[in-house]
Amino acid sequence: MKNIDEILKLLNALAEFPFESMEVSTQELTVKVSRGGITAIPAASQSPAAGKEGTASEVQEEQRARAISVASPIIGVFYAAPSPEETPFVNVGDRVNAGQTLCIVEAMKLMNEIPSPVAGTVLKVLAADGGEVEVGQPLFLVEASEG
């Protein structure tokens with residue numbers, strides 16, 4: 001998937017509309033958008049032959065495809081840690097609980113904690129510490145835990 005970040009950004013924008021869930025399928029991908037986030041499943045993983053083990057890059061791509069994008073609800077400045085001298089709230093590979101703070105977005109001198117919508121594993125941090133973020137901009141990819 002060449003433009004996954006652009007796709008995730010578009011889907012996050014769609015998630016703002018008043019519906020409970022929506023599913024769109026193509027031959028290559030099924031995308032489910034719901035109040036809990038976004039899940040994208042490659043078509044190959046939906047077929048019976050999908051039980052085969054893949055290469056590390058294939059596994060990583062499948063994880064990313066199934067990841068939930070956590071987007072900024074506001075315009076502001078992204079901070080990975082509570083203060084410059086403290087450690088980040090989360091790092092890539094960390095397990096997180098639903099509701100756990102992932103970062104802070106500062107808007108008009110107010111610090112807004114951004115929680116994880118699901119329990120799972122942080123796959124990627126998409127925003128730069130101290131950088132500006134926009135409404136709907138993906139900040140993290142989190143692979144939801146099953147069960």
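No lab work stands behind these numbers, since they all come straight from the coordinates. Small disclaimer: the values here were computed from a predicted structure and weren't measured.
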Interchain or long-range residues, amide H under 5 Å from Gln137's placed H:
Ser72
Expressed as a rounded percentage, what relative contact order does the stretch 71-144 have, with Cα pairs under 8 Å and six or more residues apart?
39
